[in-house]
Amino acid sequence: MSKEERIIQELAKETNEIAAAQGIQAAYNHVLRAEVALHLRRPSLAIYDHSFHFIGGAQRYGLTMASALQDRFDITLVVNHEVSHRDFVDWYGLDLSSCRIKVIKLPFFEERGLRHLDPAIIPPETRNPFHLVSRESGGYDIFVNNSMNEMVYPLSGLSVLVCHFPERRPQTYFYADRYTHVVCNSLYTAEWVKKKWRLTSPQQIYPPVDMENAAAGLPKKKLILSVARFEVEGSKRQKEMVEAFLSLNEKWPEIAKDWSFILAGGSNPDNPYLAGLEKMIAAKRGQNIELKVNLPVDELNRLYQEATLFWHMCGLKHEDPSGIEHFGMTTVEAMQNRAVPIVYDGGGLREIVDHGVNGFRAKSKAGLLEYTLKLFRDGKLVRALAQSAHKKAQTYTRAKFEAGIRAFFGDMLNTYISALDTGSPE
Amino acid sequence: MAQEIQRLKEELNRKRKEIEDIKKLANKEIDRSFPHNLEEFSERELESYIAESIASIKTEIDSRPAKEPITSHRKVIGRPIVTLKRFLLQSLADYNDLFLDKQIRFNRQSVDLYQALLLRTKHNKERMKQIQEQISSCEESLVILKAKLEDLRANLEQGKNLDEGPKLPVQD
């Protein structure tokens, strides 16, 4: 009997035993693994996100992951709504042409005409609509769930749940603990994954932030910048920041008059929160405050370059941990452009900004004003902190992210292959 | 060898696709129930938990079973059986109502009390929020005053140094 025949015979025997003891899916996974171990094909990897058809930071995370791994894996992007390779180039500058896109429509949401697939709206007595995705997961060597949706049951041999924050507590259709690995975007998220989901050792890989190209040379202006989405619930706390700046205008006009405050961010049309902000600024005659909505990227880059200070107070007056910034990508973007951050002292922002070293952290509006006034009156300090901020921001570059992702999946793949005692053909 | 493995894979895949139930594919029970640990809940979670609980309790205030028509399929003795059943059930119902009415009154009062307490908590929270706003506004004024004072002191120091000797830079 040749070696190849022996391998086939052993594999068939093992597969039969596994099928009898652990079911057909486990047996199928075993054969998939053997194919990779015997170098018969490249490992297959699916990345699922129910929001890939929307622009977002979490989606960028998953797609940059695909970009970093596409030379080593056969990647399929599993989506629930049509989206094209062109969209990914336009939205994130990512060429994912070697990845396949597979659309799996979910009747529960289709019938209701919902484009935003919110797992929270699914009543416990309803059949889990995400089981269609669970079924799909069983066709790959590795299944990555990038969508903070713990209702997808992984059937693949290896699985990864990427979590940007554990929004819901374990309840009906909770399967986060069924994944081989859970990867978090920050230590803050990892801490809450342990607390809320009782998972012992989540991995942590910071998201990619790539605003470094914009750092070349425009002179800094006396400009405070805030970049955050104008959420209808006001969770990014733009109102409180405007109040703080208006208070400065009113109580110390001599110092405030040279400075301007620009709040940039995306918004849906007819946003009552945004309308309220406009009204507030007009009523208090805040001429040095501007709202810039849905700016093109190059204009945003210019603002980052010109800004001396960066304010981000998401988390202020929030009692719920999910309302506090889980990471803070725009803060890192500002730091990459040498703007000194003054941010809310909580959540992932604590990992980014070291108080007094590369920016300041404030617990209240008074704190925000205190550190702002300190920097208004001390140019030397501004320059020193800006330099340190730029240095710290290098921790979160796309290159670092990609290296981390490659190492993580490389280790996983090695374990996957080595666990199978098949041996390669000579 | 590749062909053999491919054949094995396709066969398993066909069998896999025939199985509808995820539970069967996973070869184990996948759904579990998770008890609440209220002490871990955030304010937001507590609020929605309270709202859901009160709504659910409200539907259970009247715990009397729904009345169902009494019938019999027996041709001859059916009517006397129905009459007897009606009489017995009515007697029992009258007796039960003595207790149940009291229980229903208690349930209703309990729900009202929950709601009153909830309302009071809400009012207190509002009041607390107002006080926090006032404190916050005072803190802001204080910070600005402190900064102004520091500048004033620095300027005075500068003036003093001007009288005494070379000027020291206080601002960049």
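Scattering from the stretch A:96-243 was approximated by placing one identical point on each alpha carbon and applying the Debye formula without solvent; log10 I(q)/I(0) at 0.10 1/Å stands at -0.51. Averaging 1/r over each pair of different alpha-carbon atoms in chain B and inverting the result gives 26.9 Å, the Kirkwood hydrodynamic radius.
Between the stretch A:303-334 and the stretch A:1-62, the C-alpha centres lie 41 angstrom from each other.
Excluding A:LEU63 itself, calculate the net charge of residues whose Cβ lies under 14 Å from the Cβ of A:LEU63, where each Lys or Arg counts +1 and each Asp or Glu counts -1. Local charge sum for A:LEU63: -2. Mean sequence separation of contacting Cα pairs (under 8 Å, at least six apart), scaled by the length of the stretch B:1-152, corresponds to a relative contact order of 18 percent.
The angle between the Cα long axis of helix A:3-22 and the main principal axis of chain A comes to about 70°, on a 0 to 90 degree scale. If you line up the long axis of helix B:2-18 against the longest principal axis of chain B, both from Cα atoms, how many degrees apart are they, to the nearest 10? It works out to around 70 degrees. With both labels modelled 7 Å from their Cα along Cα-to-Cβ, the B:VAL111 to A:GLU82 distance reads 4.9 nm. Take every Cα pair under 8 Å whose residues are at least 6 apart in sequence, average their separation, divide by the length of chain A, and the relative contact order is 14 percent.
Charging the Cβ of each Asp and Glu at -1 and of each Lys and Arg at +1, and nothing else, the dipole of the protein assembly as shown about its Cα centre rounds to 1140 debye. Amide H contacts of A:PHE310 (H built 1.01 Å from N, in plane; Pro and chain starts excluded): A:LEU225, A:VAL340, A:ILE342 sit under 5 Å, all sequence-distant by 5 or more or on other chains.
A:TRP192 contributes an accessible area of around 50 Å² to the protein surface, as traced by a 1.4 Å probe with all chains present. Only helices enter this figure: runs of n ≥ 4 DSSP H residues, each worth -39500 (n - 2.57), summed and divided by the residues of chain A, yield -12500 deg cm²/dmol at 222 nm to the nearest 500.
Placing +1 on the Cβ of every Lys and Arg and -1 on the Cβ of every Asp and Glu, with no other charges, gives the stretch B:44-172 a dipole of roughly 1560 debye about its Cα centre. The mean sequence distance of close C-alpha pairs (under 8 Å, at least 6 residues apart), as a share of the length of the stretch A:214-369, puts its relative contact order at 27 percent.
Across q = 0.11, 0.12, 0.21 Å⁻¹, the stretch A:203-317 modelled as identical point scatterers on its alpha-carbon atoms has Debye log10 I(q)/I(0) values of -0.39, -0.46, -1.25, in the order of the q list.
A quarter of the convex hull surface defined by the alpha-carbon atoms of the stretch A:325-426 gives 8.8 nm² as the mean projection. Between 0 and 90 degrees, the angle of helix A:365-376 with respect to the longest Cα principal axis of chain A falls at about 70 degrees. Rg/Rh for the protein assembly as shown stands at 1.09; both radii use Cα atoms, and Rh follows the Kirkwood definition.
The values are calculated or read from the model by the stated rules, or taken from the named source; none is laboratory data. Computed from a predicted structure; not experimentally measured. Positions of Cβ are backbone-derived with ideal geometry, glycine not excepted, and every protein chain shown enters the neighbour counts. Protein only, heavy atoms only, side chains kept; ligands, DNA and RNA dropped before computing areas. Shrake-Rupley method; radii C 1.70, N 1.55, O 1.52, S 1.80 Å.
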